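Notes for the one structure printed next.
The values are calculated or read from the model by the stated rules, or taken from the named source; none is laboratory data. Just so it is clear, the structure is predicted and the values come from calculations on it, not from any experiment. Glycine gets a Cβ as well: all are built from the backbone with ideal geometry, and neighbour counts include every protein chain shown.
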Amino acid sequence: MENNKRLFEEFPPVTTEQWEAVIQKDLKGADYNKKLVWKTAEGFPVKPYYRAEDLKNISWIGVMPDQFPYVRGNKALENHWLVRQDILVTDVKEANAKALDAIKRGATSIGFKLEYDKAYNPIEISTLLNGIDQKTVEINLFNNKYHLPLLEMLSKVPGIKGSLNYDPLMRYLRRGVWYVTENTDMELAYIMVKAEIPGFHTIGVNSHVLTNAGATIVQEMAVSLAIGVEYLDRLTEKGLTIDEIAPKMRFNLAVGQNYFMEMAKMRAYRMLWADIVKAYGGKEENAKMHIHACNAELGMSLYDAYVNMLRSTTGTMSAVLGGVDSFCVTPFDAIFEKPTDFADRIARNQQLILKEESHFDKVADPAAGSYYIENLTDSLAKAAWNLFLQIQDEGGYLAAVRKGSIQAFIKESATKKFSNVATRRETILGTNQFPNFTETMKFTPEAWVFGADDRRAEDAEVETIVTFRAAQQFEKLRYATDVYAQDHKRPVAWMFTYGNLAMLKARANFASNFFACAGFQVVDNAGFKTLDDGIAAAREVKPEIVVICSSDEEYGEGNALKIFEALKDETIVVLAGNPEGTADILKEAGMKYFIHVRSNVLETLQDFQKQLGVTK
């Protein structure tokens, strides 16, 4: 007999109410919202699960890819994106050779990072572009202040497509000054838009600066849209039409480690920008947001640097599944040195694998219909739009920058980011959690590696923002230990383990990871049969720090106190945990250090370094 039943049709449907009843039973009276609802850094809640009914208020369900408002992407039948490689230009011939090699190995877009103050001549630009097929490879020039001469030279290159990235509005927030003056810079923006170079984007919105300054996704989106609107306003005032301006704009974004959120970000960005352009009277076909993206440096690390490859791969996946037009993988070593050929090759191949082996380019908007991602997209769009409207209520982007309100909420977010990393509410693998115990720095990093990138001009007119890496605070801590260990004995954190096997292992693992974050040598022990055995072993080894590791119950009955009293004059004694009652007794006896999940790891380790003479 023919069976035409659909999969699982024989099972009765389960309502949301039935699911919720089971969940409430399992919670045993615990607060549902506190236990299961996730409050994002962006300010909106995320439920533990979503169902088909959660799509009923999503306005774009039923919209196809390449249809307004382009939430599902700018391409109808596939998900093609350009594989970009950025090249630092110090010698035009060398940069050209490197570009040709990258193209031969799979790159379809080249970004030339020019010297900022250098006035390039036509021969140098011609040399830079020599041999590159303009029909198949996109060319992007950035980081140079002589935009008009570059524009004039590029306009003479037949068939060129790509971008020039002129963005005086972000420069104003970053440096506090204009290239020349506000009016002159906007007049140049007018000229840049009027340039008749089909398929070439001349106005950039460099949103990646906001991401690397610590802005949340919602803040990044709202400010970026406000910058875009400021360009629309200022340039239409000069007589340009929306349909002239919008196609010349490109948004340069950065993606972080929040996999699904970053995917939803790309979709929400396109929808909001499309709505804005249409509201200004632009044609729907000109309302497509052109997005180039790269990996945010914010979450990259100096120590255990190969983990950066994993971070950049997941970020790349988020971006391309979200439908970007081009992507540049940040080489794993870019945050502490000029990228090596090996790092560039790995970065390029990360994208090629996603294309050629994972076939991420074959399906347009693969996230479509996902209850979770569709709702994330909707929540991000609403939250970003609300903040965008607040900026507009202040008079728009420039007015808000002059008032300092944009700088204030970005700096507040950055401060929270640092705090979350210091307390391990946010994990940077290999840095503030699960460090490589045996790794030491084999070279001397330059000073800029450990500091924020502050480009504030001396004559800045407004408060500015700085970019940074969240790992820097821990890296400075660990590097200080590595430098100290060149002329001194590396401090040792020694695990005094006894009692309950499961608890001593758990707490020893926790404490070992804790102290390894500062580059201390960690010595674990299998578990001493008696307290006296452990005390005798500690006296023989003479470690700088002894960490008592056992269960809360076995800390009691005077056990932890006995260890502390025996060793307090010979070493720093630390308790792994914060047992109620016992901790008070130990504090009264003079014990200062208790490490646990609520500890500020950074501040605690900085204190240990000062006590041991590693830092002053």
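Checking every residue in segment 452-461 against the condition of being under 19 Å from the mean Cα position of the chain (by Cα), buried (at least 17 other Cβ atoms within 10 Å of the Cβ) and over 24 Å from residue 509 (Cβ atoms) gives zero matches. Whenever a residue of segment 403-420 is assigned to a helix (DSSP H, G or I), its partners that are among the small types (Gly, Ala, Ser), lying with C-beta atoms within less than 6 angstrom and at least six residues away or across chains, give the pairs 406/400; 410/213; 410/215; 413/214; 413/215; 414/214; 417/214; 417/470. Which members of segment 124-157 meet the condition of being buried (at least 20 other Cβ atoms within 10 Å of the Cβ) and assigned to a loop (DSSP other than H, G, I, E, B)? Result: 137, 144. Taken as a whole, the condition of being within 26 Å of residue 214 (Cα to Cα), at pLDDT 95 or above and under 29 Å from the mean Cα position of the chain (by Cα) applies to residue 474.
Taking the stated definitions as given, is residue 333 surrounded by fewer than 24 Cβ atoms within 10 Å (Cβ to Cβ), in contact with a helix residue (DSSP H, G or I) (Cβ under 6 Å, 6 or more places away or on another chain), touching a residue at least 24 places away in the same chain (Cβ under 8 Å) and on the phi < 0 side of the Ramachandran plot? Judged against the criteria, residue 333 is a match.
Any idea which of 114, 55 is over 18 Å from residue 352 (Cα atoms), in the same structural domain as residue 146 (by TED's automatic domain parsing) and not basic (Lys, Arg)? Of 114, 55, the one residue that is over 18 Å from residue 352 (Cα atoms), in the same structural domain as residue 146 (by TED's automatic domain parsing) and not basic (Lys, Arg) is 114.
So, of the residues in segment 462-490 that are among the aromatic types (Phe, Trp, Tyr) and within 19 Å of residue 420 (Cβ to Cβ), which turns out to be surrounded by the fewest Cβ atoms within 10 Å (Cβ to Cβ)?
It comes out as 468.
Listed conditions (1) exposed (fewer than 11 other Cβ atoms within 10 Å of the Cβ); (2) assigned to a helix (DSSP H, G or I) are all met by residue 57, apart from (2).
On the stretch given as segment 336-364, residues that are crowded, with 21+ Cβ neighbours inside 10 Å and within 13 Å of residue 263 (Cβ to Cβ) total 0.
Suppose the filter is over 30 Å from residue 529 (Cα atoms), among the polar types (S, T, N, Q) and either touching a Pro at 6+ places or on another chain (Cβ under 7 Å) or not assigned by TED's automatic domain parsing to the domain that holds residue 172 (or both); does residue 497 pass it? Answer is no for this residue. Just one of the listed residues (538, 493, 470, 518) is out of contact with any Leu (no Cβ under 7 Å at 6 or more places or on another chain) and in contact (Cβ under 8 Å) with a residue 24 or more places away in the chain, namely 493.
Residue by residue, here is whether (1) under 15 Å from residue 73 (Cα atoms); (2) part of a loop (DSSP other than H, G, I, E, B) holds:
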residue: 321; (1), (2): yes, no
residue: 339; (1), (2): no, yes
residue: 354; (1), (2): no, no
residue: 358; (1), (2): no, yes
residue: 377; (1), (2): yes, no
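The condition (being under 16 Å from the mean Cα position of the chain (by Cα), under 17 Å from residue 407 (Cα atoms), at pLDDT 95 or above and among the hydrophobic types (A, V, I, L, M, F, W, C)) is satisfied by just one residue among 264, 222, 215, 226: 215. When you check residue 238 against the structure, is it without any contact (Cβ under 8 Å) to a residue 60 or more places away in the chain, farther than 25 Å from residue 318 by Cβ and not small (Gly, Ala, Ser), yes or no? For residue 238, the condition - without any contact (Cβ under 8 Å) to a residue 60 or more places away in the chain, farther than 25 Å from residue 318 by Cβ and not small (Gly, Ala, Ser) - is met. Of all residues in segment 539-556, those satisfying the criterion of being in contact with a helix residue (DSSP H, G or I) (Cβ under 6 Å, 6 or more places away or on another chain) and modelled with pLDDT of 95 or more are 544, 546, 547, 548, 549, 550, 551, 555. Every test in (1) under 28 Å from residue 483 (Cα atoms); (2) over 37 Å from the mean Cα position of the chain (by Cα) is passed by residue 605 save one, and that test is (2). Take the residues in segment 336-351 that are of a type in the set (S, T, N, Q) and free of Cβ contacts under 8 Å to residues at least 60 places away in the same chain; name whichever of them is farthest from residue 199 (Cα to Cα). My answer is 340. In segment 188-207, the count of residues that are closer than 30 Å to residue 407 by Cα, touching an Asp or Glu at 6+ places or on another chain (Cβ under 7 Å) and of a type in the set (S, T, N, Q) is one or more. Among the residues that make up segment 307-319, is at least one of them farther than 21 Å from residue 427 by Cβ, crowded, with 24+ Cβ neighbours inside 10 Å, in contact with a Ser or Thr (Cβ under 7 Å, 6 or more places away or on another chain) and among the polar types (S, T, N, Q)? Checked against the condition, which is being farther than 21 Å from residue 427 by Cβ, crowded, with 24+ Cβ neighbours inside 10 Å, in contact with a Ser or Thr (Cβ under 7 Å, 6 or more places away or on another chain) and among the polar types (S, T, N, Q), segment 307-319 yields no hits at all. Within the bounds of segment 114-123, is there any residue that is surrounded by 15 or more Cβ atoms within 10 Å (Cβ to Cβ), under 24 Å from residue 344 (Cα atoms), without any contact (Cβ under 8 Å) to a residue 40 or more places away in the chain and touching a Gly at 6+ places or on another chain (Cβ under 7 Å)? Taking every residue of segment 114-123 in turn, none turns out to be surrounded by 15 or more Cβ atoms within 10 Å (Cβ to Cβ), under 24 Å from residue 344 (Cα atoms), without any contact (Cβ under 8 Å) to a residue 40 or more places away in the chain and touching a Gly at 6+ places or on another chain (Cβ under 7 Å).
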